[in-house]
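**Student:** One structure follows; several queries about it will come next.
The numbers here are math on the coordinates, done by the rules we state, and not lab data. Not measured: the values here are computed from a predicted model. Don't worry about glycine lacking a Cβ; one is built from the backbone with ideal geometry, like all the others, and counts go over all protein chains shown.
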Amino acid sequence: MTDLNALKEQRATLAAELEELEASLPALEEAVAMAPTNWSHLAMETGSPQGTAAREALMAAQSRMQIIAHNDYGSGALDRLDQQIAHLEALVNADEQISKASAEENEAADRCARLSASISRIAQRIEEMHTAEHSAEESAQEAEREAAQAVAKATASGDEKALNAAQAKMNKAVDAARSAKAMKESNVPLISAMDAETAALEKQLAMAQREEDAARRARQRASAIKLGNEWDQAVSVLVAIGARLITEGGIDYPLTNLKLPTFAPGDKVIDYGKLRAKARSEAA
């Protein structure tokens, strides 16, 4: 872009000037220190033309440096140029940044979806294992209760055959309880491994979510730069029309409360006063 190149050339010129001014300071300060001093007939120091010239030269150099470089009163010319250059470079690269950030955002979103699905599958499997454990325990306990009741009844009735059958049922219930316990114990390391895998996946998910959020913000920033530039261009058109309304149409009142913000660095809010100034400059 021509404007961007012009700004870079302007910055290079100012940076070179600042470097020269900084290099000249020791000589200027020495000139002030070495300037001759005149005295009045009352033995009072009155200075000298050489001293005055040396001090003025030093002050001029320091003042110019304050204008160019960052100072206590705000940003200097170099700071303002850097802001304008950065803005134009961002504008030039906006489409590329939007495309790149959108691709990164979509990729991160897909990764989030895959990780979330993996975490859900593990959680479902753990839940199924706990459900199976609980069901096996309940079934074994119910079988033990039924077998115990059968043994008690058979013992009370003295029915040897019924007692043998009830005892066999009790033995089966005990085996079922042992199997339920063994299942639960064997599931412990498996569930622990699944919990560890879930924790690792959750870390990856959190990172992918941060990357998705960062890419979204980058895309939004690039889009905002483009849209801000479109806004500023539209404001320029409105300013031109507004100035003509004032000069040619004689219309004032509807524009007196005008306040249009702009987005480019260094630009101000466009108000009625700026419209009148533009109208006067075009009429001159």
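**Student:** Amide H of residue 270 versus every other amide H placed in the peptide plane: which residues, excluding those fewer than 5 positions away on the same chain, fall under 5 Å?
**Tutor:** Counting only residues 5 or more places away or on other chains, the set is 260, 262.
**Student:** Whole percent per 10 Å bin, from 0 to the bin with the longest distance: what is P(r) over all C-alpha pairs of the chain?
**Tutor:** The distribution over the chain is 5, 12, 12, 13, 11, 10, 8, 7, 6, 6, 4, 3, 1, 1, 0, given as percents.
**Student:** Let me ask something additional. Gap in Å between the Cα centre of region 112-156 and the Cα centre of region 212-284?
**Tutor:** Computed from Cα coordinates, the inter-centre distance equals 71 Å.
**Student:** Moving on to the next point. Report the Rg/Rh value for region 101-216, based on alpha-carbon coordinates and the Kirkwood definition of Rh. Don't jump to the answer; show the numbers that get you there.
**Tutor:** Details: Rg = 25.0 Å, Rh = 17.8 Å.
With Rg and the Kirkwood Rh in hand, the quotient comes to 1.40.
**Student:** How big is the dipole moment of the chain about its Cα centre under a simple scheme where the beta carbon of each Lys and Arg is +1, that of each Asp and Glu is -1, and everything else is neutral? Debye, nearest 20, please. Can you show the working numbers first?
**Tutor:** Values: 32 positive and 45 negative charges, 161 e Å.
With only Lys, Arg, Asp and Glu charged at Cβ, the dipole is about 780 debye.
**Student:** In whole Hz, with x marking every Gly and Pro, tabulate ³J(HN,Hα) for region 159-167 from phi via Karplus 6.51 cos²θ - 1.76 cosθ + 1.60, θ = phi - 60°.
**Tutor:** 7, 5, 5, 5, 5, 4, 5, 5, 5
**Student:** I would also like to ask the following. Near residue 181, within a Cβ-to-Cβ distance under 10 Å, what is the net charge of the other residues, with Lys and Arg +1 and Asp and Glu -1? Each step should come with its number before you reach the end.
**Tutor:** Working: positive: 178, 184; negative: 133, 137, 185.
With Lys, Arg at +1 and Asp, Glu at -1, the neighbours total -1.
**Student:** Here's a follow-up. Test of understanding: what is the full-extension gain from residue 103 to residue 214, defined as 0.36 nm times their sequence separation minus their Cα-Cα distance? Please list the in-between numbers first.
**Tutor:** Details: separation 111, 0.36 × 111 = 39.96 nm, distance 1.22 nm.
Stretched fully, the residue 103-residue 214 segment lengthens by 38.7 nm.
**Student:** So if R0 is 30 Å, what FRET efficiency would residue 253 and residue 80 give, r being the distance between their Cβ atoms, rounded to the nearest 0.05? Before the final figure, lay out the partial values.
**Tutor:** Working: r = 35 Å, r/R0 = 1.18.
About 0.25, to the nearest 0.05.
**Student:** Is any residue of region 48-85 close enough, with backbone N under 17 Å, to a label point placed 7 angstrom from the Cα of residue 23 along the Cα-Cβ axis, and if so, which?
**Tutor:** The answer is 61-62, 65, whose backbone nitrogens lie closer than 17 Å to the label point.
**Student:** Give the longest segment of the chain that steers clear of chymotrypsin sites (Phe, Trp or Tyr not before Pro) in DSSP loops with at most 16 neighbouring Cβ atoms within 10 Å, not counting the sites themselves. Don't jump to the answer; show the numbers that get you there.
**Tutor:** Details: sites that count: 73, 263.
In short, 74-262.
**Student:** Excluding residue 192 itself, what net charge comes from residues whose Cβ is under 14 Å from its Cβ, given Lys and Arg +1 and Asp and Glu -1?
**Tutor:** On the way: positive: 125, 184; negative: 185, 195, 197.
For residues surrounding residue 192, the net value is -1.
**Student:** Measure nothing fancy, just the Cα-based angle from helix 77-92's long axis to the longest principal axis of the chain, in degrees from 0 to 90, nearest 10.
**Tutor:** Taking the Cα atoms of the chain, the angle to 77-92 is about 50 degrees.
**Student:** Between residue 181 and residue 53, what is 0.36 nm times their sequence separation minus the Cα-Cα distance? Round to one decimal in nm.
**Tutor:** Working: separation 128, 0.36 × 128 = 46.08 nm, distance 10.11 nm.
Gain on stretching residue 181 to residue 53: 36.0 nm.
**Student:** Near residue 31, within a Cβ-to-Cβ distance under 15 Å, what is the net charge of the other residues, with Lys and Arg +1 and Asp and Glu -1? Display every interim value, and only then the final one.
**Tutor:** Details: positive: 55; negative: 29, 30, 56.
Computed value for this residue: -2.
**Student:** Describe numerically, in nm with one decimal, the distance between label points set 7 Å from Cα along Cα→Cβ at residue 135 and at residue 117.
**Tutor:** Taking the two extended label points, one gets 2.6 nm.
**Student:** Given the pairs 226/274; 100/259; 203/226; 161/184; 100/278, which span a C-alpha to C-alpha distance of over 31 angstrom in this model? Please list the in-between numbers first.
**Tutor:** On the way: 226/274 25 Å; 100/259 35 Å; 203/226 35 Å; 161/184 35 Å; 100/278 41 Å.
Where the Cα-Cα span goes over 31 Å, the pairs concerned are 100/259; 203/226; 161/184; 100/278.
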